1. On a 30 Å Cα-Cα criterion, which of the cross-link pairs LYS80/LYS278; LYS128/LYS215; LYS212/LYS345; LYS80/LYS120 come out too long?
2. Please list the non-local residues whose amide H lies under 5 Å from the amide H of ASN108, H modeled 1.01 Å from N, same-chain partners needing a gap of 5 or more.
3. Leaving out ligands, DNA and RNA, what percent of the accessible area of the chain is carbon and sulfur, probe 1.4 Å?
4. Taking 30 Å as R0, compute the FRET efficiency from the Cβ-Cβ separation of GLU326 and GLN115 and round it to 0.05.
5. Counting only the heavy atoms of the protein chains, how much of LYS36 is accessible to a 1.4 Å probe, in Å² to the nearest 10?
6. At a Förster distance of 45 Å, what's the computed FRET efficiency of GLN299 paired with ALA34, Cβ-Cβ distance as r, to 0.05?
7. With a 1.4 Å probe and all protein chains left in place, how much accessible area per residue does the chain have, in Å²?
8. Using 0.36 nm times the number of residues separating GLU156 and GLN174, minus their current alpha carbon distance, what extension gain do you get?
Amino acid sequence: MSLPDSLPSVEAKALDLSQTYTVEVARLLEEFLATKGVEVSQITSSAVEIVNAISSLTKGGKRLRPLFAFWGYLGAGGNKDSTDIVRLGVALELFQAAALIHDDIIDNSDTRRGQPSVHKRFEAQHQKLGLAGSAAAYGSASAILTGDLCLSLSEEAFSEIDHLPKEARVIFNQMRTQVMAGQYLDVLEESAGPAYDPREAVKRARTIVRFKSAKYSTENPLLLGGALAGADAELMNSYSAFALPLGEAFQLRDDVLGVFGDADVTGKPTGGDLLEGKRTELIAHALLLSTLEERSFIQSRLGAADMSVQEVEQLSSILRDSGALEATEDSISELTEQSRQALEKLPIGSQARAGLQQLSDAVTKRTK
């Protein structure tokens, strides 16, 4: 007997639940920041701009981290109408925003999501108001403080979860430490990379990917949702087996887009990672696969302050022609397959599996 056409499919229901949840996260996030804006205005109206900058940044994005938490929560038996899982989503959005603000300062990135990055926003404010001193220094200092506030607000939002298991607190604390350590490794690699053994470059690049991005993008949000719903050790281990390779594939795709992506789609300049001197897995593969002359060019010109458009194009060609791009795509495929197999084995219901499958597709098949 066939089911009525009007009965929503599991996939359609999962999509509907995801959309409803992201609307709730956006609503609570907006309310939370509005309250903080009032709180700051009681100190001085001049400082409200730092909250406005956070509000502007968090209005965009795909809410992927909250969604991983949401489906990890539902997969472990959590209630879809719980306010706690929405609060967790707000905390994750604020944590990501803090990481993006600081990352853009470190990388000297001019844009984020097609808009001026936060330090550029404050630099423009300095120029508009005709303030004294360096506009760039003012922009960086203001953005650092904005990122610090955002990090603090993330902790505040997390602490407002009514029923907070100890394991969730441990995961949240570890996540913050991992991201900071991973970010430092990224900074260190950009400065020390040319002096390191190229044969270890892929391993170093993958370590950075894992701790700077993958864990906090997919694995930790999923684990946080699971912990919030009281998931047992078996489910938590299964969540990690699914989410960690997916998170690594997500970041490797980001690295590819950082060189070969369409600027109109990604909101970042084509070849931006080359201009910023990012020693991604793409670069690591190129150091192993390119000629001696090409390797020398990479080591001497990657991230150079005076890098020309022609040199960006030359570096891009080396990445493509040496087989580095293909090797990175192979890594993405392997990691995606690992994640797919783990998803099939997850001891969760069909609804949660459909939700996680949709997230997996969004992560691995994206163009921005």
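1. On the way: LYS80/LYS278 40 Å; LYS128/LYS215 40 Å; LYS212/LYS345 27 Å; LYS80/LYS120 39 Å.
Pairs exceeding the cut-off: LYS80/LYS278; LYS128/LYS215; LYS80/LYS120.
2. Amide H to amide H, under 5 Å and 5 or more residues apart or across chains, ASN108 pairs with nothing.
3. It is 53 percent, rounded to a whole number.
4. Once rounded, the FRET efficiency stands at 0.35.
5. In the full protein context, LYS36 sits at about 20 Å².
6. 0.35
7. 46
8. Extra length available between GLU156 and GLN174 comes to 4.8 nm.
The values are calculated or read from the model by the stated rules, or taken from the named source; none is laboratory data. If you're wondering where the values come from, they're calculated on a predicted model, not measured in any experiment. Neighbour counts run over all protein chains shown; Cβ positions are idealised from the backbone, glycine included. Surface areas here come from the heavy atoms of the whole protein model, side chains and all, with no ligands, DNA or RNA. Shrake-Rupley method; radii C 1.70, N 1.55, O 1.52, S 1.80 Å.
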